[in-house]
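**Student:** Sharing a structure with you now.
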Amino acid sequence: MKLRQSLRMSWRAIRGHRLRSALTALGVVIGVAAVITFVTLGASVQAGIVGDISPDDDGRVYVWAAAENRTGGNPAVTAKVVFTRRDAAEIANLPAVEDAYAYSPLFAQAVSHDGTTQPLAGDVVAAGEGYLDPAAIETGRGYREGEFEAVLNPAAAAMFAENVSVGENVTLVLAFGQEVEATVVGILNDDDPRGAIEGFRDQPRVYVPIEPYYELTAAGVTEGKPRFGGIVVEAESGRVEAAKESTRRYLESNESDASDRDDGLAYGLKTSDELIDRLRSVMDTLTGFVTAVALISLVVGAIGIANIMLVSVTERTREIGIMKAVGAGNRDVLQLFLTEAAILGVVGAAVGTVVGLVGGWAATEYLVPRVPLVYPLQWPVIAIVVGVVVGVVAGLYPAWNAAKTDPIDALRYE
């Protein structure tokens, strides 16, 4: 029997039992749709996280000190206050290092402007001048060390009835109610974090120079030396690993100021990619787990196809007998029923793919808004292949049973 004829006969049999065929394919539809929805959601969230990291962060190494078993955690949580400005200056002169400067979040309660005070959900970030890429500043310029200046992202500038403009003053209400005034000298062009250490949410952020803000507010001033919880190292192009190696070598030597505070501490030196690798791993594991659960629907769908095909073989016993009586062989009968099962699997997978793509869009639009919609294009292809495999595997036993049917017994069947 030619494949074309087999397809036509199989399609006629499926159309003859529309409701039953639709319900049979429903398991495959649900399974494929669930898999594509969850995979799309996972890929979109990951793209949102990675995409939020500023492009100029690629050659940036974050350095912090923490207990030996915690250097793989979040630096904002685990970092100990051990570094001095001298450490940053010495690191800046090391091989493969372009620049180095202190970094510290200044936990803020609120920001005031023109007589209005607004709570500030995000942190005030204190860092060296090199932390902000000049290309990321929409209006104005970057702050300068030693000046009471600040750069705001658009979300922070829009917190008030009238947007804060360059040249105006804001008052930062820091921890314990301390108030520090700053002149706004720049507004960034987007709300994305400038580095992975800031987190991944778009939120109001204020950027200020380490000096004088950190010295005015930090509890890390000991023995007359301001101590910081982190240093940012700007590596020369293509020399990130070399910069990390020379930095670690300096910090672990007796020359560094951090060494006299190094009681059971280890140094963490990570790029943004390395910092978010753990998050990527967790998300991949979660997506894989949910996808595996969704695959159970495909198993249910396969069982449904197998069950209906067994029923179909029983119902069409006389038809099988007539086919064999007029010259059809076992191979022809096997092909006919396998084709029918494969069609059910392919139709289920095709419909499930469309539903899954719509489900992925809906998930990113309403469950996790503000992340880009990313479709893993390989998954619709995988879905069609899985549909064929599910249909063929599920229909193999019923088709084999049909092919082995004795034509004499089949013709006698009532």
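Any read-out appearing in this document is the output of simple, stated calculations on the displayed coordinates, not a laboratory observation. Since the model is a prediction, treat every value here as computed from it, not as a measurement. Using ideal geometry, Cβ is built from the backbone for each residue, glycine included, and neighbour counts are taken over all protein chains shown.
**Student:** Taking amide H positions as placed 1.01 Å from N in the peptide plane, with prolines and chain starts having none, which residues 5 or more places from residue 190, or on another chain, fall under 5 Å of its amide H?
**Tutor:** Amide H neighbours of residue 190, under 5 Å, 5+ apart: none.
**Student:** Over segment 83-261, what is the mean sequence separation of C-alpha contacts under 8 Å (at least six apart), divided by residue count, expressed as relative contact order in percent?
**Tutor:** The value is 32 percent.
**Student:** Label residue 148 and residue 189 with points 7 Å out from Cα along Cα→Cβ: what is the distance between them in nm?
**Tutor:** Between residue 148 and residue 189, the label points sit 3.2 nm apart.
**Student:** Order of 87-98, 334-345, 148-159 by packing, highest average Cβ count within 10 Å first?
**Tutor:** Working: 87-98: 17.6, 334-345: 24.6, 148-159: 21.9.
Top to bottom by mean Cβ count within 10 Å: 334-345, 148-159, 87-98.
**Student:** Report Rg(Cα)/(2.2 N^0.38 Å) for segment 83-261, keeping two decimals. Mind dumping the intermediate values first?
**Tutor:** On the way: Rg = 16.8 Å, N = 179, 2.2 N^0.38 = 15.8 Å.
Ratio of Rg to 2.2 N^0.38 Å for segment 83-261: 1.06.
**Student:** Along the charge dipole of segment 83-261, which of 226, 143, 186 sits closest to the positive end, that is, farthest toward it, with unit charges on the beta carbon of Lys, Arg, Asp and Glu (+1, +1, -1, -1)?
**Tutor:** 226
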